[in-house]
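The block underneath contains the structure these notes are about, expressed in structure tokens.
The values are calculated or read from the model by the stated rules, or taken from the named source; none is laboratory data. Please read all numbers here as calculations on a predicted model, not as lab measurements. In this analysis, Cβ positions are derived from the backbone assuming ideal geometry, glycine residues included, and neighbour counts consider all displayed protein chains.
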Amino acid sequence: MKPLPKEIPYQGRVLKQILREGTVAIYEVIARGNVSYGYEVIWIKFAPEEEKFGKLYPNRELYPSSSKNSNDWGQIAWSWGTLQKNQAFSQFRALAQNCSNRYSNVDQTLEDHIPNQECVDETNPLNP
């Protein structure tokens with residue numbers, strides 16, 4: 001399986017993995033000049049081997065989608081500002097303890113599934 005990269009270029013920034021435990025990771029969002037914009041706590045997605053547009057893609061890990069058609073953000077991915085570092089790491093630790101032994105949904109496509117909701121609900125600090 002192709003693992004999720006430790007550094008991901010995205011929209012002029014770099015997402016840099018700080019910690020990973022199983023299928024849970026925390027990335028720092030770094031802009032030009034090595035300026036931190038904050039943190040993203042994610043539950044890593046999985047995509048099976050498939051052929052698209054004549055190209056074969058292996059089994060692979062995926063970063064949650066920020067597409068407007070995706071339900072990932074707020075469900076399996078969360079953004080935290082630089083002043084919310086403690087909250088980001090607290091959420092990472094809770095997810096790692098409860099959800100790190102499985103992917104959010106093994107049979108998902110790139111844009112569609114919400115993970116095992118019980119695991120996320122238990123660890124989401126935004127839930128009352």
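Restricting region 35-55 to residues that are outside any loop (DSSP other than H, G, I, E, B) and among the β-branched types (V, I, T), which is farthest from I18 (Cα to Cα)?
So the residue we want is V35.
It is to be established whether one or more residues within region 65-72 are surrounded by 14 or more Cβ atoms within 10 Å (Cβ to Cβ) and either among the basic types (K, R) or in contact with a strand residue (DSSP E or B) (Cβ under 6 Å, 6 or more places away or on another chain) (or both). For region 65-72, residues surrounded by 14 or more Cβ atoms within 10 Å (Cβ to Cβ) and either among the basic types (K, R) or in contact with a strand residue (DSSP E or B) (Cβ under 6 Å, 6 or more places away or on another chain) (or both): absent. Among the criteria (1) at pLDDT below 95; (2) at positive phi, the one G38 does not fulfil is (1). Within region 78-88, can one find any residue that is within 13 Å of the chain's Cα centre (by Cα) and in contact (Cβ under 8 Å) with a residue 60 or more places away in the chain? For region 78-88, residues within 13 Å of the chain's Cα centre (by Cα) and in contact (Cβ under 8 Å) with a residue 60 or more places away in the chain: present.
Might you check whether a residue that is assigned to a loop (DSSP other than H, G, I, E, B), within 26 Å of R102 (Cβ to Cβ) and among the acidic types (D, E) occurs anywhere in region 64-87? Yes, region 64-87 contains a residue that is assigned to a loop (DSSP other than H, G, I, E, B), within 26 Å of R102 (Cβ to Cβ) and among the acidic types (D, E).
Only one of the listed residues (L95, L110) is modelled with pLDDT under 80, closer than 30 Å to A31 by Cβ and within 15 Å of the chain's Cα centre (by Cα). That residue is L110.
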